[in-house]
Structures are given as C-alpha cells and as structure tokens.
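To start, the structure itself, in structure tokens.
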Amino acid sequence: IVPYCRMGPYICGVITGYILYKTKCKCRMNIFVNLLGWAVATAMACGCLYGLHNTLRPDNPVYLSKEVTALYNGVSRTAWGAAVCWVIFACSTGNGGIINTLLSWKAFVPLSRLTYCAYLVHPLVMYVYYFNWNFPLYMTDLDFVYIFLGNLMVSYGIAFIVSIAFESPFMGLEKIMFGGLGKKKK
C-alpha cells in the first residue's frame with residue numbers, strides 16, 4: 001500500500017488543523033460565504049461518491065476516457081478530504097448550523113469510541129474469516145450483504161470487548177493521573 005496516494009487528504013487535514021489552531025476556532029463569516037462553502041463541499045463530496053455512478057451499470061456501462069479516469073483517480077481523494085475538512089472547519093468555528101447540532105449529539109460519543117475500535121479490529125476479523133475459506137465461493141448480492149452484516153456485528157462485538165478491556169481502564173488512569181492538572185486548589 002503506497003502512502004503517497006493519501007498525501008492530498010492528509011495535507012488538507014494538516015492545513016485545516018493549522019488554520020483552526022491559529023484562529024483558535026474563532027472565525028465568523030457572513031451567510032453567503034458559509035452557504036457557498038457548504039455548497040462547494042457538498043458538490044465535491046457528491047462528485048466523489050457518485051462521479052462513477054453511470055459507469056457501474058451492468059446493463060449499459062459507460063466507459064470513461066483515460067484522461068477522465070486519471071483526473072478522477074488523481075483528484076477524488078483530495079476533493080473528499082477537502083469536503084470533510086470544510087465540515088470540520090465549519091462545525092469547529094460555529095458555522096455548522098444543524099450539521100454541527102447533529103454531529104455534536106451526546107449519543108454519538110460512545111459510538112465514536114466503538115467505531116474507532118471497530119476500525120482497528122475489523123481487518124483482523126476479515127482476515128480470519130476470508131483466510132479460513134477452503135474452497136472457492138460464488139457470491140451473490142445476498143451473500144455479500146450477509147457477509148458484510150456478519151463482519152460488522154463481529155467487529156463491533158470485539159470492539160466493545162477491547163474498549164471495555166483496554167480503553168476504559170486507561171481513560172480512568174488518565175483521569176486519575178492528569179485530572180488535577182490545571183485545577184486550582186481551594
């Protein structure tokens with residue numbers, strides 16, 4: 001896996017983080033600039049997600065030229081990263097509106113911890129499953145859905161166990177060790 005193909009989104013994230021650090025997450029913008037940013041970010045994200053939609057139809061595939069294919073492959077990851085960076089920037093600076101309200105919902109906090117843990121363990125779950133096949137399999141759409149849901153449930157189950165066994169105790173230790181820093185004694 002070559003790392004330089006992920007350089008574009010990484011640089012977008014670093015620049016966004018630097019701007020948020022320098023502005024201390026305080027950047028007020030007028031409604032026109034805010035809506036323009038959301039429109040551009042939405043268009044870029046939809047372009048990345050649905051840009052190849054017509055090429056994937058099995059009944060009537062549309063073949064792209066080499067130039068368009070190269071443009072899509074070269075720009076799509078950076079454009080997706082820039083769209084995500086806009087969401088982060090807008091929500092961090094108070095310009096996110098209802099999107100910020102939705103993404104800041106308290107019920108997402110434990111889910112976000114589990115999701116990151118599931119992200120870390122899901123390759124192991126998939127490797128164990130796929131490397132234990134002893135025969136070739138002819139997959140249908142229903143088989144793919146069944147395997148996806150199985151991998152999802154097992155990954156989240158293991159993520160829950162790992163989170164309870166490792167992440168939660170270390171968070172408790174961190175609160176004990178660093179909880180008193182910055183607080184004034186009375």
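The values are calculated or read from the model by the stated rules, or taken from the named source; none is laboratory data. What you see is a predicted model; the values in this text were computed from it and never measured. All Cβ positions, glycine included, derive from the backbone under ideal geometry; neighbour counts span all protein chains shown. These accessible areas exclude ligands, DNA and RNA; they are computed on the full protein's heavy atoms, side chains included. Shrake-Rupley method; radii C 1.70, N 1.55, O 1.52, S 1.80 Å.
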Report task. Keeping the other protein chains in place, figure out the carbon and sulfur percent of the accessible area of the chain, with a 1.4 Å probe. Result -> 72
**Report entry** Accessible solvent surface per residue of the chain, calculated while the other protein chains remain in place, 1.4 angstrom probe, Å²
**Finding:** 80
Report task. At 0.36 nm per residue, minus the direct Cα-Cα distance, what do residue 6 and residue 88 gain on full extension? Give it in nm, one decimal, please. Result -> 27.7 nm
Requested in this report: Please find, in a Gaussian network model of the chain (springs between Cα atoms separated by less than 10 Å), the residue of 172, 13, 81 whose mean-square fluctuation is greatest.
Outcome: 172
Report task. Compute the distance in nm between two label points, each set 7 Å from the Cα along the Cα-to-Cβ direction, one at residue 137 and one at residue 176. Result -> 4.4
Requested in this report: Please report the base-10 log of the normalised intensity I(q)/I(0) for region 108-186, using a Debye sum with one equal scatterer per alpha carbon and no solvent, at each q in 0.24 (1/Å).
Outcome: -1.11
Query raised in the report: Here are several values of P(r) over Cα pairs in 5 Å bins from 0, in percent: [x] 1, 8, 15, 18, 17, 15, 12, 8, 4, 2, 0, 0; [y] 1, 8, 17, 21, 20, 16, 10, 5, 2, 0; [z] 1, 6, 9, 10, 12, 16, 17, 12, 8, 4, 2, 1, 0, 0, 0. Which one was derived from the coordinates shown?
Result: [z]
Query raised in the report: Across the chain, how many lysine pairs, 8 or more apart or on two chains, come within less than 21 Å at their alpha-carbon atoms?
Result: 5
Query raised in the report: Given the C-alpha centroids of region 7-21 and region 34-113, what is the distance between them in whole angstrom?
Result: 16
